[in-house]
1. Pick from Asn2, Asn31: which is over 26 Å from Trp52 (Cα atoms) and either at pLDDT 95 or above or not aliphatic (A, V, I, L, M) (or both)?
2. List, please: which pairs have Cβ atoms under 8 Å, are six or more places apart or on different chains, and start with a residue in segment 57-76 that is free of Cβ contacts under 8 Å to residues at least 60 places away in the same chain and end with one that is open to solvent by 70 Å² or more (accessible area, probe 1.4 Å) and not in a helix (DSSP H, G or I)?
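The values are calculated or read from the model by the stated rules, or taken from the named source; none is laboratory data. Here the structure is a predicted model, which means the values were calculated and not measured. Please note: Cβ atoms are built from the backbone with ideal geometry, for glycine as well, and neighbour counts cover all protein chains shown. The accessibility values were calculated without ligands, DNA or RNA, using every heavy atom of the protein model including side chains. Shrake-Rupley method; radii C 1.70, N 1.55, O 1.52, S 1.80 Å.
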Amino acid sequence: MNAPTRGSPRRATNVSLDQSLVEAARELDINLSRACEQGLAREIKATREARWLEENAEAIASWNDYVRKNGLPLAKYRRF
C-alpha cells in the first residue's frame, strides 16, 4: 500500500481517540483525519516490513551464513 495522496478516494469511518489527544490536536490546529491517516500508514508499513523479515528470515540467515563462510561474491572488485 502506497502512502495516501490528497487525490485519493476517502471513506468516512468512526475512530475512538483519547479525549485529551483530540483536544490538544484541536488547540494546535492539527487535522485529525490526516494525522490518523499518516499514523495508520506508518503502522501498515512497519507491520509489512516486520512480516517480510519474518517470512524471509530463513533465506536471510542462509545468505549471511554463505557470506561468513565464503565472503562476498565479487569482493575482489570492491574499491573500499
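1. On the way: Asn2 fails: over 26 Å from Trp52 (Cα atoms).
Being over 26 Å from Trp52 (Cα atoms) and either at pLDDT 95 or above or not aliphatic (A, V, I, L, M) (or both) holds for just one of Asn2, Asn31, which is Asn31.
2. Sorted first by the residue in segment 57-76, then by its partner, the pairs are Leu72/Arg78.
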